[in-house]
Structure formats: C-alpha cells, structure tokens
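Each value in this text was obtained by applying a stated rule to the coordinates, not by laboratory testing. Everything quoted here is computed from the prediction, not taken from an experiment. For neighbour counting, all protein chains shown are included, and Cβ atoms are generated from backbone atoms with ideal geometry for every residue, glycine included.
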Amino acid sequence: YKSEDGSIYFKIGAFPGYGRLSHLEERSLKAGAGGRVAADEYDKESAQDFALWKAWTPDDGDVAWDTALGKGRPGWHLECSALAMEHLAESIDIHAGGVDLVFPHHENEIAQTEAATGHVFSRLWVHNEHLLVGGQKMSKSLGNFYTFAQLRELAGASGREVRYALLTAHYRKQLNFQVTY
C-alpha cells in the first residue's frame, strides 16, 4: 500500500507465513521492536509493516532515483531480495547472515520475495554468531574491526592462520578474537 508521503509498504498481516523463520507471531510484535522508531512509524497502517519503497525527502540528499513510483529509493530489505533474484534466482538453496538479521531483516526478505514470486525464497537459513573483539561485537561503527592486511601487519598472521583461528569456534557460538603479538 502507498502512504501519504508516497512511500510503499508491505502489510505483514497479508502474508500468512510471516514469522515462521523467527518463530514470531504478528500479534506479539511491538512498534519499534526492530531497535529504532523512525518518522515513518506514524505514516504506516501498522507499525510492523515495512518499506518496499521510500519516498525521497531532503534528508536523503542525492540518494534517490526518479521512477514510475516517484522519486525515492528501495527499502533495505528490498535491496537484498532484488540482488539475490538478479544474481542468483527467485528461489535459492542457502541464505546466510548474522543472528541479528533473523528478525526483522530476513523475515521481511522472505515475505516480500515469496509474495512476489510464489516460490520458497530459501530452503536453508544459516545464522552465525558474532565475532567479538575485546568482548564487543566486531563492527565498523564501533571501530573495532581488523582487515586481513592489518592482521598480517600486527600479528604476522597468514590467511591460513586467520582461517584456523576462525574455525576454532562453531558458527553458532561467539568467538572473542584477540590480536596478541
């Protein structure tokens, strides 16, 4: 459905399988449960619905395309579905990502892709735990990440040694990564 500002939203209540990956039921979802509440929360029919297309606002700067839908950009979840369908297929065997993406991101990818194609989006979902640095999730935003080039320089580690270190933990278990030299 289209909102007053021209954004287009996916109504999760219209997709019967919503929540099957994360084992959540629509009635248990709360507004802002994805971690942040944006201005668009007030422009939707339901706070749980998600953006397929975001109408352009001046805050977006140059990030917009002129289309038949109006000036705007694809929603975050739609970008991933579109890339998978363009470069892989409408239905794929394996989809992977971090545990933090199960809900709402992967749940929304499933809903929009399966609603559009009528096919199962992914037959297998693999969700890995986070790599930690000093007990915190490794992330660019925290500035606590290493590139392979940095690991070679700081610790003299080869690619084989880094791979071995990463393989010492099960993919569903956190690994606290420390550079010692």
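Most exposed first by the Cβ proxy, i.e. fewest other Cβ within 10 Å, how do 12, 92 rank?
Details: 12 19, 92 16.
Ranking 12, 92 by Cβ neighbours within 10 Å, fewest first, gives 92, 12.
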Legend entry - the range 72-177: trypsin sites (Lys or Arg not before Pro) in DSSP loop, at most 16 other beta carbons within 10 Å: 140, 172, 173
Inset, instruction - Name the aspartates and glutamates eligible as straight-distance cross-link partners of residue 11: C-alpha to C-alpha under 15 Å, and not fewer than 8 places from it in the same chain. - result: 25, 26, 40, 41, 43, 45, 49, 107, 109, 114
Legend entry - Sorted peptide list for 54-62, 71-79, criterion being average Cβ within 10 angstrom, highest first: 71-79, 54-62
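Nearest-5 percent of antiparallel DSSP beta bridges in the range 8-128? Walk me through the intermediate numbers first.
On the way: 9 of 15 bridges.
Among the beta bridges of the range 8-128, antiparallel pairing accounts for roughly 60 percent.
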Inset, instruction - Taking amide H positions as placed in the peptide plane 1.01 Å from N, state which residues far from residue 7 in sequence (5 or more) or on other chains have amide H under 5 Å from it. - result: 55
Legend entry - Which labelled figure in (1) -0.49, -0.70, -0.92; (2) -0.53, -0.74, -0.93; (3) -0.38, -0.55, -0.77 is log10 I(q)/I(0) by the Debye sum over Cα atoms at q = 0.10, 0.12, 0.14 Å⁻¹, once derived from the coordinates: (2)
Inset, instruction - Would you please give the residues with an amide H less than 5 Å from that of residue 71, counting only those at least 5 places away or on a separate chain, with H modeled from the backbone geometry? - result: 56
